[in-house]
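See structure below.
The values are calculated or read from the model by the stated rules, or taken from the named source; none is laboratory data. Treat the numbers as computed from the prediction; the structure is a model and nothing was measured. Cβ sites come from the backbone with ideal geometry, for glycine too, and all protein chains shown count toward neighbours. For the accessible areas, the whole protein counts, side chains as well, though only heavy atoms, and no ligand, DNA or RNA atoms are used. Shrake-Rupley method; radii C 1.70, N 1.55, O 1.52, S 1.80 Å.
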Amino acid sequence: MITPLLTKKLSLPERGRIICISDVHANLAYLKGLLAKLSLRDEDTLVFVGDIMEKGPDSLATLRYLMELDRRRRCVFVLGNCDYWYDDEDHTKPCTDWYVKRYLLTNSNGLGPGLLAQMCEESGFEIRPDFDIDEFRAVLGGRYAAEFEFLGAMPQLIETEHYIFVHGGIPEGDPLFWDGWDLMKNDNFMGQGRKFGKWVIVGHWPVVLYRESITDAKPIIDRESHIISIDGGCVLKDDGQLNALIIPRNGSDDFECVWYDPFPVRRVKTAQAGSETSAYIRWGDNKVEILERGEEFSRVRHVRTGYELDILTKYLYGESGVVRCNDCTDYVLPLAAGDEVSVVETTSRGYLVKHDGVSGWYFGELL
C-alpha cells in the first residue's frame, strides 16, 4: 500500500531560537519537564520531529497538550510513524481493517493502550473481539475530528532555508517516487553514508543504537554529512531522556543540546577511573545466555560476541538458556569528585548513573 506523501516548504523567523524535539512517545511528564528547562520565550519556534504519541502512557493527553501549545506558541509538526492515524475519508489509519482490529485487541502498541484505545475508553466504545469496525470509525471519526485533523495536517518533511526536518530520514531516489512511509520510518539513517547540503534533523532511531560500547543518549551532530539525530530513547530505554536540539537563530550551526529525565541528581564523593573495555547490549542485538542466575544480578554471555558480563536480573526476559534483555552495559564511568550524576539504579554493588548523557556504573559514595 502506498502511503500518501505530504511535504512543505517553510520560512522560519530570523529572530528567536529554533528548538527541535522528537520522539516524545506519549510521555507527557518528560515533555513538560523539558519545556520547563527550556524557559521558552515568545520568539522561539518549537519543531516537533515526529512520534509524539504511542508507546508511552498518555497518547491522547499528549496530543491535546500539543494542540493547545500550538494555539499559544509558534509550533511546527512533522509526522512520525507512530502518529500516522489519519485518513481523509474515515479519520483512521489508511490500512486494512484487520490491522486496526489487531492493534486494538493486542493492547495497542505492546507497551500499553495507545491513542485509538484511549479514545475508545474515553468515548465508551467497547473493544471486543467482534466489534464492528464501521461503528468504531463512525464513533471516533465524529468525536475526535479535531484531533485527527490536527494529525492529518502534519507533513512528513518540512524544508526551510537552512534545515530539513523529517522523522525517519530522506529516501534515496527521485522525490516524485517517494512513499510517505519511507520518510517516517527510515531505520539507521545516519549509518547509510548519505551527505546533504542542508542540515537534516531526524528522530526515530534512538541515538544510543549508533554507539558500540557505551550508552550515550545525547544528540549526534555529524558536521560532515549534515545530519543531526536527536532521539534520546524516551520511554523506549530505561535510562532514556527527552532531548532538545537548540538552534540559537535561523541559519546558525552553533547547536546546543538540553535534555530532561526524572532521575535524582547526586554528587560524586570520590573519583574513579573508567573502563578499559566494556559492552553495551541493546535492542536488536540483545540475545544472551544465562550462565548463573542471581536474585539481583545474573552472569550472562552475549550470544553474538561471546562477551560475558553481570546484568540486573530484572532486565532479563526469560528464565534460562538463551533469552533477551533490556539495554544494559558494564561500562564504568570515568568520574571526578564533585561531578553531578543522575541515579538510574541503586544496587548492592553500586549505582547505575548518567553523566552528561552517558550511562555507566559508579562504585563509590554519592553525596
Handout entry: Residue check, ASP187 under 19 Å from the mean Cα position of the chain (by Cα) and assigned to a helix (DSSP H, G or I)
Key = no
Exercise for the section: With the condition kept exactly as written, say whether any residue in segment 87-96 is at pLDDT 90 or above, of a type outside the set (Lys, Arg) and either in contact with a Lys or Arg (Cβ under 7 Å, 6 or more places away or on another chain) or assigned to a helix (DSSP H, G or I) (or both). Expected result: no
Fill in the blank from the handout: Going through segment 156-206 in order, the residues found to be polar (S, T, N, Q) and open to solvent by 10 Å² or more (accessible area, probe 1.4 Å) are ASN186, ASN188, GLN192
Practice task
Those residues that are within 22 Å of LEU236 (Cα to Cα) and either exposed (fewer than 15 other Cβ atoms within 10 Å of the Cβ) or among the aromatic types (Phe, Trp, Tyr) (or both), I need them from segment 298-321; list them, please.
Solution key: LYS314, TYR315, TYR317, GLY318
Practice task
Look through segment 104-146, keep the residues that are among the hydroxyl-bearing types (Ser, Thr, Tyr) and open to solvent by less than 20 Å² (accessible area, probe 1.4 Å), and return whichever of them is modelled with the highest pLDDT.
Solution key: TYR144
Practice task
Kindly indicate the residue of segment 228-247 that is open to solvent by 10 Å² or more (accessible area, probe 1.4 Å) and acidic (Asp, Glu) and also modelled with the lowest pLDDT among those meeting that condition.
Solution key: ASP238
Completion exercise
When (1) under 24 Å from ALA279 (Cα atoms); (2) surrounded by fewer than 24 Cβ atoms within 10 Å (Cβ to Cβ); (3) not hydrophobic (A, V, I, L, M, F, W, C) are applied to SER225, the one that fails is (1)
Exercise for the section: Could you check, for segment 351-361, whether at least one of its residues is out of contact with any Asp or Glu (no Cβ under 9 Å at 6 or more places or on another chain), open to solvent by less than 30 Å² (accessible area, probe 1.4 Å) and either at pLDDT 95 or above or within 17 Å of GLU295 (Cβ to Cβ) (or both)? Expected result: no
Practice task
Check TYR280 against each of (1) hydroxyl-bearing (Ser, Thr, Tyr); (2) open to solvent by 30 Å² or more (accessible area, probe 1.4 Å); (3) under 28 Å from TRP205 (Cα atoms) and name the one condition it does not meet.
Solution key: (2)
Exercise for the section: Those residues that are open to solvent by 40 Å² or more (accessible area, probe 1.4 Å) and within 27 Å of the chain's Cα centre (by Cα), I need them from segment 286-297; list them, please. Expected result: LYS287
Practice task
From GLY338, GLY306, GLY360, grab the single residue that is assigned to a loop (DSSP other than H, G, I, E, B) and touching a residue at least 40 places away in the same chain (Cβ under 8 Å).
Solution key: GLY338
Fill in the blank from the handout: Those strands (runs of 3 or more DSSP E) completely within segment 1-81 that have 1 or more residues that are among the aliphatic types (A, V, I, L, M) and either touching a residue at least 12 places away in the same chain (Cβ under 8 Å) or open to solvent by 30 Å² or more (accessible area, probe 1.4 Å) (or both) are 18-21, 45-49, 74-78
